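One structure is given below, encoded as structure tokens.
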Amino acid sequence: MKNKFYSLGPVIFLVLIIVTSGYLMASVSREESATMDELAHIPSGYSYIKYLDYRLNPEHPPLLKALAGLPLLSINPRFPVNDKNWTEGLNAQWDTGNIFLYRSGNDADEIVQIARIFPMILTLLTIILIYVWSRELFGKWWALLPSFLFGLSPTVLAQGHYVTTDIAAAFGFLLATYLFTKFLESRTNKNLFWAGAGLGVALLLKFSAVLLIPFFFIILFFFWLGEMIRKKSAGIGQYPFRYFAGRAIKYLGNLLLIFLVAFVVIYAVYFLFTLNYPASKQLSDTTEILASFQPRWLAQFNIDLVKNNFTRPAAQYVLGILMVFQRSAGGNTSYFLGEISNAGWRSYFPVVFLLKEPLPSLLLLFFALILGLKNTVAKFKGGKIIQKFGEYLGTNFSEFGLLILTVIYWAYSINSPLNIGFRHLMPALPLIYILLTSGLKKWFGKNTGRYLKYGVLIVILIWSAGETFAAYPYFLSYFNEAGGGTMNGYRYVVDSNYDWGQDLKRLKQFVENPPIGGKIQKIAVDYFGGGDPQYYLGKDVAEIWHSSSGNPKNKSIEWLAVSVGFLQSSVQPVKSGLTRNPADAYEWLQKIRPIPPGLGNVPPPDYRVGTSIFVYHL
């Protein structure tokens, strides 16, 4: 019986993690309205599948969006193909999305929930992939640890049910890296093909996956270097230089073939989704989008690619990458630690990670980091560092690769001025969880105090699960205790960390059953997100409002609902170089609801809907 449990136990626990994660995502999804990016991604994905036309949302690759749109074919929603936003607009993704979801007679909730099916499946597949690779590295029981930390992470549960590209990026980075290391372990044509296909899939899921290209060069160099160190130590014969150079050329040739396979995969998908995108429309769209792009020669190169039917699909992919560069260079105006800026902060992602990652995970991570540093120092003591490094690469190459990719991704994130959410760190999470498992397993392998160690680990995991269940159903707004908890995280940072428009359906419930009794007949709404207040509340009930509209009470409206992200951008100090119109600063609200002292405070509301919508009874 004991042996049977030891054999089947990991599978049972893995299924339990998957079922729990899937249930929590599906349950929360039903309560939430469309988030901001879903307003663009859902109609875009459906248009790719239905019309094979890529005019919407070219700044994100198509695979996740198209897969999310695929099940929508079963309900055949009306799409505004005759609206001028579609026929004449320049990437009119937001207007087209609003018309598609809320102005075409469709059931918006049905569309959103069906579109979210595949992102949730992809999240569960990521858990499985983490387990599969970790089982190869650490064994079937220890593989449960990174699977648990990822599958029950509040941030993963939040982002995992949205039609956005962040969880998709985590899957793509992990899949491509796993398949590439499998190729290095066994350099067969079959593994080469799968490594290329995996890279192609990753590049079709998120443009940030282009980081995998330099990573593959770097990790291939270290693979070659480790092999050469070990061969040299063992003695390789009369002509070592010829041998070393020959191996390097062979590996580079293999890598170029992997890139070729990836390109074919990308080209095939873009060929399909640009099939019905009129060439004249693609050319005019590309020309206008890149009108201010620098350097001009690169923009012109992309425009020239559009003019050739064979290179049109590749041109659309390149356009997306250029748009990412263009947006990153321009920055994004956001709130962080008491100020508004569009220049970004080097400290943004490290601070947000420390505030939003659950404390049990941080505890395990920092402990594993200390253990790793200690073991590294001990391993390389006593000279022969190069020889020992070669031996280390021979026995720990996968973990070394994960470490290098984690460092590269963190360096890229920290230097990016596009500071709009913890979700951009999603590709690093599986890597971090696998690496911390490596450090902990080695420490647990020492017999001293083994049962005590396991006892402490179990307590930490119970604490971690408790954090997740306590955050339900507000996973998007989760902050750990150091970040003030889920209800107070907005004081530090907002946007997709806290307020992405997810609470609009909860506002509907509030309006229909307010705490004071009766139904609210009229409410002013200043809302940030992918929902439509008038669709959910009714045109006669919801009055679209802004700070510059003044006090709603002057128009006999006694209720005001404001997304906290808008509040922060209105009342917090702006960084030098930015300006804000006084009419947009909610000065009239600050007079009747003075802001309490303290970092990130806003005019105190009378009620809160969910976590992100602040309601004032005027």
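The values are calculated or read from the model by the stated rules, or taken from the named source; none is laboratory data. Only a predicted model underlies this, so the values are computations on that prediction, with no experimental measurement involved. Methodologically, a virtual Cβ is constructed for each residue, glycine included, from the backbone with ideal geometry; neighbour enumeration extends over all protein chains shown. In case anyone asks, the SASA skips ligands and DNA or RNA and just uses the protein heavy atoms, side chains included. Shrake-Rupley method; radii C 1.70, N 1.55, O 1.52, S 1.80 Å.
Structure above, values below:
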quantity: Flag for residue 602 being more than 24 Å from residue 470 (Cα to Cα), surrounded by 17 or more Cβ atoms within 10 Å (Cβ to Cβ) and of a type in the set (Val, Ile, Thr); calculated: yes
quantity: Qualifying residues in the stretch 181-198 (those that are open to solvent by 10 Å² or more (accessible area, probe 1.4 Å) and among the hydrophobic types (A, V, I, L, M, F, W, C)) - the one nearest to residue 209 (Cα to Cα); calculated: 197
quantity: Listing of helices (runs of 4 or more DSSP H) fully contained in the stretch 109-181 that carry 2 or more residues being at pLDDT 95 or above and under 14 Å from residue 67 (Cβ atoms); calculated: 117-138
quantity: Members of the stretch 578-597 found to be open to solvent by 80 Å² or more (accessible area, probe 1.4 Å) and in a loop (DSSP other than H, G, I, E, B), listed by number; calculated: 579, 581, 594, 597
quantity: Candidates 516, 520, filtered to the one that is open to solvent by less than 10 Å² (accessible area, probe 1.4 Å) and over 19 Å from residue 611 (Cβ atoms); calculated: 520
quantity: Restricting the stretch 72-108 to residues that are in a helix (DSSP H, G or I) and free of Cβ contacts under 8 Å to residues at least 40 places away in the same chain, the residue that is nearest to residue 279 (Cα to Cα); calculated: 87
quantity: Residue in the stretch 436-451 that is touching a Phe, Trp or Tyr at 6+ places or on another chain (Cβ under 6 Å) and open to solvent by 50 Å² or more (accessible area, probe 1.4 Å) present; calculated: yes
quantity: Selected residue (only one of 264, 201, 269 is touching a residue at least 60 places away in the same chain (Cβ under 8 Å) and either hydroxyl-bearing (Ser, Thr, Tyr) or surrounded by fewer than 19 Cβ atoms within 10 Å (Cβ to Cβ) (or both)); calculated: 264
quantity: In the stretch 150-180, the residues that are touching a residue at least 40 places away in the same chain (Cβ under 8 Å), open to solvent by less than 10 Å² (accessible area, probe 1.4 Å) and over 16 Å from the mean Cα position of the chain (by Cα); calculated: 177, 180
quantity: Residues of the stretch 78-102 classified as surrounded by 16 or more Cβ atoms within 10 Å (Cβ to Cβ) and closer than 29 Å to residue 283 by Cα, total; calculated: 17
quantity: Any hit, the stretch 277-286, residues being assigned to a helix (DSSP H, G or I), open to solvent by 30 Å² or more (accessible area, probe 1.4 Å) and under 16 Å from residue 57 (Cα atoms); calculated: yes
quantity: In the stretch 526-554, residue most open to solvent (accessible area, probe 1.4 Å) [restricted to those that are among the hydrophobic types (A, V, I, L, M, F, W, C) and assigned to a strand (DSSP E or B)]; calculated: 544
quantity: Residue count, the stretch 495-513 (criterion: open to solvent by 10 Å² or more (accessible area, probe 1.4 Å) and either at pLDDT 95 or above or farther than 28 Å from residue 353 by Cβ (or both)); calculated: 7
quantity: Close pairs from the stretch 348-373: first outside any helix (DSSP H, G or I), partner of a type in the set (Asp, Glu), Cβ under 6 Å, at least 6 apart; calculated: 358/467
quantity: Criterion violated by residue 471 - all others in (1) open to solvent by less than 50 Å² (accessible area, probe 1.4 Å); (2) more than 23 Å from the chain's Cα centre (by Cα); (3) at pLDDT 95 or above satisfied; calculated: (2)
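For (1) more than 24 Å from residue 476 (Cβ to Cβ); (2) of a type outside the set (Asp, Glu); (3) in a loop (DSSP other than H, G, I, E, B), each residue gets a yes or a no:
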{"site": "557", "(1), (2), (3)": "yes, yes, yes"}
{"site": "570", "(1), (2), (3)": "no, yes, no"}
{"site": "599", "(1), (2), (3)": "no, yes, yes"}
{"site": "615", "(1), (2), (3)": "no, yes, no"}
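Yes/no per residue for (1) among the β-branched types (Val, Ile, Thr); (2) out of contact with any Pro (no Cβ under 6 Å at 6 or more places or on another chain):
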{"site": "184", "(1), (2)": "no, yes"}
{"site": "191", "(1), (2)": "no, yes"}
{"site": "226", "(1), (2)": "no, yes"}
{"site": "247", "(1), (2)": "no, yes"}
{"site": "252", "(1), (2)": "no, yes"}
{"site": "270", "(1), (2)": "no, no"}
{"site": "274", "(1), (2)": "yes, no"}
